[in-house]
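The values are calculated or read from the model by the stated rules, or taken from the named source; none is laboratory data. Note that this is a predicted model, so its numbers are computed, not measured. Positions of Cβ are generated from backbone atoms using ideal geometry, with glycine treated the same way; all protein chains shown enter the neighbour counts. Ligands, DNA and RNA are stripped out before the accessible areas are found, and what is left, the full protein with its side chains, is counted by its heavy atoms. Shrake-Rupley method; radii C 1.70, N 1.55, O 1.52, S 1.80 Å.
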Amino acid sequence: MKKILILTASAGGGHNSAAKALKEAFDIEDCECAIVDSLKFVSPMLDRIVSRGYEKSAKYIPQTYGSFYKLSAGMMKKNNFDTLLKQVMGKKILNLVLSKKPDAIIGTHPFPTMALMKYKEIGRIDVPVISVLTDYTAHPAYVQNNVDAYIVGDTDVAYLLREFGVSMDKVYPFGIPVSRNFIQRSNVELVKEEFQLEDKFTVILMGGSFGAGNMRDCLLDLISSDYDFQIIVITGHDYSLKEKLNKLVSNINSNKPIRILGFTKEMPELLTIGDVLVTKPGGLTTTEAMLKGIPMVIPYYIPGQEEENIDYLLNNGLAIKTSTNYSLPLCIEMLMDNPERKQEIIERMEKKRKPDCADKTAKLVLSLIDKNENSSKMS
């Protein structure tokens, strides 16, 4: 039985979601697969600084986070950040690998992969290392000389990695891994009944797992439209925001059906029910929207990787971004009045979506293991 070690981190929801989706695929392949949150493993304090620091800065001081994102890219090019991570994380992650003895290592976050690279370079780690990018862009942190394969969301990202000097034959545009449960679930009628949803044009408003973005003003903008549609608001784990929005809605005399939800496991069904998704463009959110064929309208984003995800979405005609001239209500009304435009976006999403990413990645990893074992026997 092949042993797979997946190293993730809780800085945003996408890294862990990708790790879980990959584990599902390896379980089907009858592999022994372990997921380790690398930051928690190395140091709970480091985890709090990085993971909670990301969440708080991205939500409350996004411009500061965006500045750090750009600064870290510059530091990576000078190897400063790279060296720091290896010093902080390297030895503990190496000891983890030596104790687990995996046949392959997958990183769904760049930090653990960076920490391991010097040990692969000197031969202390001699198994394939695969890096999974969970956004539709490429940060220099992902680029390491001894990574055997990069799994990316689209061919666009392959070209971005090429600009950093990565050989294209190492890059596999399989997509971003999503749980097969998300793809297969279809209890739409039950969810409609549970949340008392009407059969009319539906706008979903959300801000990611921790409710980032100016959702309050966006909700008021949507309510201000004279068009007839229902609104589903998803605040994620921010239950304080849910309470505030509930109070806001109760004080407004609106004839629109409005449902305010916190974290919900019914996202597959809600995205099937929805006609438009108003959201920030996180990698996982973007992937799920494409899989479910729901056009995105982007009124806010976290500077950094989400800003770069917008480039991908707009360059491929997969989303609409609000602006001074294109208000949120105007964007919704345009899609309602022009269903053919909405359908064009859906058709482009259908061409781009990759529901079998996790399965393809698992098969690739197993082939790399076989290749590595055969090479070891011959040497």
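Is it fair to say Thr202 is out of contact with any Cys (no Cβ under 7 Å at 6 or more places or on another chain), within 16 Å of Arg259 (Cβ to Cβ) and crowded, with 22+ Cβ neighbours inside 10 Å? No; evaluated as a whole, the condition is false for this residue.
So, Lys292, is that one modelled with pLDDT of 95 or more, in contact with a strand residue (DSSP E or B) (Cβ under 9 Å, 6 or more places away or on another chain), open to solvent by 10 Å² or more (accessible area, probe 1.4 Å) and within 25 Å of Ala358 (Cα to Cα) or not? When the stated conditions are applied, Lys292 passes them.
If you go through region 25-43 and keep only what is under 14 Å from Ser179 (Cβ atoms), surrounded by 20 or more Cβ atoms within 10 Å (Cβ to Cβ) and not hydrophobic (A, V, I, L, M, F, W, C), you end up with nothing. Those helices (runs of 4 or more DSSP H) of region 205-283 in which at least 1 residues are farther than 30 Å from Arg353 by Cα, considering only elements entirely within it, cover 215-224, 239-250.
Remark: pairs (first residue in region 266-287, under 21 Å from Leu220 (Cα atoms) and in contact (Cβ under 8 Å) with a residue 24 or more places away in the chain; second residue open to solvent by less than 10 Å² (accessible area, probe 1.4 Å) and among the polar types (S, T, N, Q); Cβ separation under 7 Å; 6+ apart in sequence or on different chains) = Gly274/Thr202; Asp275/Thr202; Pro281/Asn309.
Residue pairs whose Cβ atoms lie under 7 Å apart, separated by 6 or more positions or on different chains, with the first residue in region 160-182 and touching a residue at least 12 places away in the same chain (Cβ under 8 Å) and farther than 15 Å from Lys360 by Cβ and the second among the acidic types (Asp, Glu) and buried (at least 22 other Cβ atoms within 10 Å of the Cβ), are Phe182/Glu288. Answer yes if at least one residue in region 346-354 is in contact with a strand residue (DSSP E or B) (Cβ under 8 Å, 6 or more places away or on another chain) and modelled with pLDDT of 95 or more, and no otherwise. No, that holds for no residue. Within the set Ile294, Ile302, the sole residue that is over 21 Å from Arg341 (Cβ atoms), part of a loop (DSSP other than H, G, I, E, B) and within 18 Å of the chain's Cα centre (by Cα) turns out to be Ile302. Residues of region 115-123 include none that is in contact with a Leu (Cβ under 8 Å, 6 or more places away or on another chain), open to solvent by less than 10 Å² (accessible area, probe 1.4 Å), modelled with pLDDT of 90 or more and outside any strand (DSSP E or B). Can you confirm whether Thr286 is among the hydroxyl-bearing types (Ser, Thr, Tyr), assigned to a loop (DSSP other than H, G, I, E, B) and open to solvent by less than 30 Å² (accessible area, probe 1.4 Å)? No. For region 295-316, which positions are of a type outside the set (A, V, I, L, M) and either under 16 Å from Gly274 (Cα atoms) or open to solvent by less than 20 Å² (accessible area, probe 1.4 Å) (or both)? Matches in region 295-316: Pro295, Pro303, Gly304, Glu306, Asn309, Tyr312. Pairing each residue of region 220-236 that is more than 24 Å from Met267 (Cβ to Cβ) with any residue that is of a type in the set (Asp, Glu) and modelled with pLDDT of 95 or more, provided the two are 6+ apart or on different chains, yields C-beta distances under 8 Å for Ser225/Glu333; Tyr227/Glu333. Just one of the numbered conditions (1) modelled with pLDDT under 95; (2) under 29 Å from Arg185 (Cα atoms) is not true of Glu308: (2).
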